[in-house]
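Student: Below you'll find the structure I mean.
The values are calculated or read from the model by the stated rules, or taken from the named source; none is laboratory data. Computed from a predicted model, the values in this text were never measured in an experiment. In this analysis, Cβ positions are derived from the backbone assuming ideal geometry, glycine residues included, and neighbour counts consider all displayed protein chains. Accessible surface areas use protein heavy atoms only, side chains included; no ligands, DNA or RNA. Shrake-Rupley method; radii C 1.70, N 1.55, O 1.52, S 1.80 Å.
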Amino acid sequence: MTAFSFRVTHTDGGARRGQITTPHGAIETPAFMPVGTQGAVKAITHRDLESAGAEIMLSNTYHLYLRPGDDLIARRGGLHRFTGWTKPILTDSGGYQVFSLSARRTIDEQGAHFRSHLDGSAHSLTPEKAADIQAQLGSDMAMVLDECLAHPAELPAARASMERTLRWAYRARDRFLALREGLAPDVTVSNPGQAQFGIIQGSVFPDLREESARQTVEVGFEGYAIGGLSVGESNDVMYEMVGATTPWLPANQPRYLMGAGTPEDLVESVARGVDMFDCVLPTRNARNGQLFTSEGRINIKNLRYAEDDRPPDPACGCYTCRTCSRAYLRHLFAVGEINAATLNTLHNLSFYLDTLKRIRDAIAFGRFERFRLAFQQSLSRQPQDQ
Ligand SMILES: [Zn+2]
């Protein structure tokens with residue numbers, strides 16, 4: 001079994017290019033992780049996901065825990081065997097969905113207590129339980145349970161939440177190490193090479209971010225995530241918080257900005273030293289008819305595309321752009337054809353994954369600042385469809 005490791009191969013200003021090695025293969029960083037909530041990226045097959053260039057998929061612990069259940073998945077040999085996706089998988093802790101989806105949730109020092117959004121059944125998610133579920137799922141990277149604070153938050157509430165997240169980080173790490181050593185016989189460890197990431201909190205307060213980063217690093221994880229951003233704060237504040245966090249994280253371990261974001265968010269965060277991203281934007285927007293292109297965002301529903309024979313993005317080489325016109329995609333969307341979601345998703349993911357590839361190439365050749373400037377300039381010239 002290959003152990004988890006990370007190495008930085010190039011740096012360019014604050015940006016890093018590197019490689020993560022996991023028991024299910026390597027990931028070139030900076031990397032984008034398509035979101036496969038239920039063990040599949042919505043509307044496309046694993047084969048299409050691979051052909052678009054994805055090297056890793058993210059799956060949601062909350063959803064898989066409720067249906068079909070982590071016990072069932074562990075009996076199938078873990079998430080890789082169950083889903084047939086053979087490349088690396090990262091799972092979240094389930095916390096974000098508990099905070100955003102579940103009914104009648106209460107949070108105390110022990111954890112989160114909630115009722116399923118599906119059938120109202122009662123559940124508790126503690127730092128230990130989140131580690132157990134992810135051990136059974138057998139992802140390559142597991143996240144600790146953190147407290148997701150609503151935005152905006154006042155300083156005292158943000159401090160209390162950050163400190164609780166830190167106490168939970170110690171409990172999650174203790175449980176993770178116990179699982180690794182086989183001290184929890186009632187839990188199936190589906191992937192003995194799993195790594196665990198700590199999560200930095202601290203809302204929009206730079207001092208709290210620094211404190212959270214320093215203290216979470218003291219717990220000792222294989223990687224570190226920046227949480228609690230992309231929740232409604234302005235872009236400038238998000239970039240400032242990323243910049244206030246990364247200097248305190250170990251240079252030789254991966255850094256993951258959770259839940260962000262737009263292509264410009266990715267470029268600006270890479271500039272500040274982030275290695276990994278996930279976001280539902282490319283897949284969700286695709287299903288709503290919005291396409292990300294090198295010439296700006298287009299909404300394929302618009303009448304102006306009804307007789308437009310150009311591909312969605314003339315600069316893109318994906319299957320959708322090679323074979324479909326805007327006129328055809330608009331027709332498919334207008335009549336509610338399932339293929340519209342598939343073709344749009346394939347393009348949007350290709351655009352994101354290709355953008356990350358261009359970022360990696362730019363870093364390797366010492367041209368990242370030039371790439372970043374050109375990216376900003378092209379964005380400012382782009383008309384954005386609504
Ligand atoms: Zn395309």
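Student: Tell me, what is the percent relative contact order of the chain, built from C-alpha pairs under 8 Å that lie six or more residues apart?
Tutor: 17
Student: How many Å² of accessible area per residue for the stretch 1-139, probe 1.4 Å?
Tutor: That works out to 40 Å² per residue.
Student: Quote to one decimal, in nm, the extra length available between Glu295 and Ser51 on full extension: 0.36 nm per residue of separation minus the C-alpha distance between them.
Tutor: 85.5 nm
Student: Now a separate question. Taking the convex hull of the Cα atoms, report for the chain its projected area averaged over all directions, in nm².
Tutor: The Cα convex hull of the chain, projected and averaged over all directions, gives 18.5 nm².
Student: Could you calculate the contour length gain from Ser380 to Ala315, that is, 0.36 nm times the residue separation minus the distance between their Cα atoms, to one decimal place in nm?
Tutor: Extra length available between Ser380 and Ala315 comes to 21.6 nm.
Student: Can I ask one more? Under a 1.4 Å probe, what is the accessible area of the stretch 161-308 per residue, stated in Å²?
Tutor: Ligands and nucleic acids excluded, the result is 37 Å² per residue.
Student: Just the Cα atoms of the stretch 109-181: what Rg and Dmax do they give in Å?
Tutor: 13.8, 41
Student: Using 0.36 nm times the number of residues separating Thr106 and Asn339, minus their current alpha carbon distance, what extension gain do you get?
Tutor: Gain on stretching Thr106 to Asn339: 79.8 nm.
Student: Here's something else I'd like to know. Mean residue ellipticity at 222 nm from the helices of the chain, using -39,500 (n - 2.57) per DSSP H segment of n ≥ 4 over the full residue count, to the nearest 500 deg cm²/dmol?
Tutor: Calculated at 222 nm, the ellipticity per residue is -12500 deg cm²/dmol.
Student: Carbon and sulfur together cover what percent of the accessible area of the stretch 229-303 at a 1.4 Å probe radius?
Tutor: After summing per-atom areas, the C and S share lands at 48 percent.
Student: So, one more: Could you tell me which of rounded, prolate or oblate describes the stretch 280-386, using a ≥ b ≥ c as the square roots of the eigenvalues of the alpha-carbon gyration tensor, with rounded for a/c under 1.5 and, failing that, prolate when a/b is larger than b/c and oblate otherwise?
Tutor: prolate
Student: If packing is taken as the average count of other Cβ atoms within 10 Å, what order do 20-30, 54-64, 227-237 fall into, highest mean first?
Tutor: The most tightly packed comes first, giving 54-64, 20-30, 227-237.
Student: Continuing with the same structure: Is the shape of the stretch 102-253 best called rounded, prolate or oblate, per the rule: a/c under 1.5 gives rounded, else a/b larger than b/c gives prolate, else oblate, with a ≥ b ≥ c the square roots of the Cα gyration tensor eigenvalues?
Tutor: oblate
Student: Here is a further query. Place +1 on the Cβ of every Lys and Arg and -1 on the Cβ of every Asp and Glu in the stretch 148-289, take the dipole about the Cα centre, and give the residue among Gln253, Asn235, Val219 whose Cα lies farthest towards its positive end.
Tutor: Among Gln253, Asn235, Val219, the one farthest towards the positive end of the dipole of the stretch 148-289 is Val219.
Student: Using a Förster distance of 35 Å, how high is the FRET efficiency between Leu177 and Ala122, based on the Cβ-Cβ distance and rounded to 0.05?
Tutor: With a Förster radius of 35 Å, E is 0.75.
Student: If you take the beta carbon distance between Asp236 and Arg67 as r and set R0 to 45 Å, what does 1/(1 + (r/R0)^6) give as a FRET efficiency, to the nearest 0.05?
Tutor: Efficiency computed from Cβ-Cβ geometry: 0.70.
Student: Sort 143-150, 98-105, 303-310, 169-176 for me by packing, meaning the mean count of neighbouring Cβ atoms within 10 Å per residue, highest on top.
Tutor: Most protected by this proxy first, the peptides run 143-150, 169-176, 98-105, 303-310.
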